[in-house]
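Here's the structure, in C-alpha cells; my notes come after.
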Amino acid sequence: MKDPSDTPLVDAQVHAWVSSTPRFPWSEQHLRRLPARLRPLYETGDHSAERVVVMMDEAGVDVAVLTSTFLYGTDPSYALDAAARFPGRFVVVAYVDDTVPDLASYLDWTVGQRDLVGLRVFLGTPDAGAPGRGVGAGSFLEDVADAGLPLFVSPMGSLDRLAALATSRPATPIVVDHLGLWIDAPRERRWRLADQVLALAAIPNIHIKCSAAPELSRERFPFPDVLALLDRYVAAFGTDRLLWGSDINQHLDSLSYADAVDYVRCHRAWSAEQRAMLLGGTAVRLLGLAGPSR
C-alpha cells in the first residue's frame, strides 16, 4: 500500500484574480449578475496567483485547483496564465455558461488547454435554487458533460436536476461544489439540504467537493459540528469520492489557510489513508495530477 504521506496535498478550490486589465478584462456582463454586497470582496486586497502560492506554501498545500472566477466570465485566461507561470502548482477549472457564443468551439478549445482539468456550471440561483441564468436551454448541460472532462457543478438547490444529469452521463465524473450546500440562505437552511445531498451517494459518478465547509460551523476551530457532518459524507460516499477544498479567498476575513487545512488533517476519526484520500488522493486520481515542480 502507498504511504499516505507520499500523497500531494491538493486544494480542490481556490480562486485568483487581479484588477481588470486589457489582457485579463473582467466581464461586465457577469459583473452585473454579481450581488452588490460581494463586489468589495473582489475589488479590494491582493488575490493574485502570486499571493495564493505564498499562502499555499505557508499552509503546506502542494497543488491547487484554480477555479476561474466569475469576474472573468467564461474566459479562464488568467487562471491558465497562472498555471503556466507556476508549473505543477495549479491546474484549472473553467466556468462555462450560455454567454458563450459558440459552445462547440469553446469546448474544443478548453479541452486542448494543457493545464485545464475540468469545467464548471451553475444549475440555479444562490438565493432560491430556481433554474438559473447561464445553464442554457436545450442540450447545453449535456453537451458540456460530454466534453471529456470532469464536470464541477454548483447545484444551488437544484439537486433533482443534478441527479438527472449525473444519471444520464454515467461516464462523466461529476464533482459537486461546497458539499452541495451552497445557497444564499441562513446556515440552518443550508444544513437541511444535507440529507438530500447524501442521498446522491447512490449515483456512482457523483463526487463531493468538501469546500468552504467551515463557514457552516456554529463552533470554533476545529469546527466539531462540521466534522460530524463530514463523517456522514465519508460514511455515504467513501473518501475516494470526496475532495477537500478551502475556497480560502472567499473567507480570509474569518479563517486562516492553515486552519482550513488542519481541521481535516487533524481529525483522528479517520485513518491516515482516509485523510490522505480526502486531502489529495481523490483529486490526484480524478484529475490526473502530478506533484509540484519546485
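Throughout, read-outs are computed from the coordinates displayed, never taken from laboratory work. Not measured: the values here are computed from a predicted model. Quick reminder, even Gly has a Cβ in these numbers, built from the backbone with ideal geometry, and neighbours come from all protein chains shown.
Between Glu58 and Glu142, the contour length at 0.36 nm per residue exceeds the Cα-Cα span by 26.2 nm. Stokes-Einstein diffusion for segment 4-287 at 4 °C, viscosity 1.567 mPa s, with a Kirkwood radius from C-alpha pairs, works out to 69 µm²/s. DSSP bridge analysis restricted to the chain gives an antiparallel fraction near 5%, rounded to the nearest 5.
For segment 231-237, 3J(HN,Hα) computed residue by residue from phi via the Karplus equation (6.51, -1.76, 1.60; θ = phi - 60°) reads 4, 5, 5, 4, 5, 7, 9 Hz, glycine and proline entered as x.
Label 7 Å along Cα→Cβ of Phe221; segment 45-82 residues with amide nitrogen under 19 Å? Within reach of a label on Phe221: 52-62. Multiplying the residue separation of Ala199 and Leu31 by 0.36 nm and removing their Cα-Cα distance gives an extension gain of 57.0 nm. In segment 253-294, inverting the average of 1/r over every pair of distinct C-alpha atoms gives 11.8 Å as the Kirkwood radius.
A simple rule links phi to the HN-Hα coupling: the Karplus curve 6.51 cos²θ - 1.76 cosθ + 1.60 with θ = phi - 60°, which for segment 141-151 gives 4, 5, 5, 5, 5, 8, 6, x, 10, x, 10 Hz, with x for Gly and Pro. For segment 4-287, the residue among Gly60, Ala235, Ala164 whose Cα projects farthest onto the positive side of the dipole built from Cβ charges is Ala235. Around the amide H of Val176, modelled in the peptide plane, lie the amide H atoms of Val153, His207, Ile208, Lys209, all under 5 Å away and 5 or more residues distant in sequence or on another chain. Once the Cα-Cα distance is subtracted from the 0.36 nm per residue extended length, the Ala290 to Arg39 segment shows a gain of 86.9 nm. Simple rule: put +1 on each Lys or Arg Cβ and -1 on each Asp or Glu Cβ in segment 4-287, find the dipole, and look at Leu252, Leu116, Leu149; the Cα lying farthest toward the positive end is Leu252. Computed on segment 192-286, with alpha-carbon pairs under 8 angstrom and 6+ residues apart, the relative contact order is 31 percent.
Placing +1 on each Lys and Arg Cβ and -1 on each Asp and Glu Cβ, with no other charges, gives segment 4-287 a dipole about its Cα centre of roughly 400 debye.
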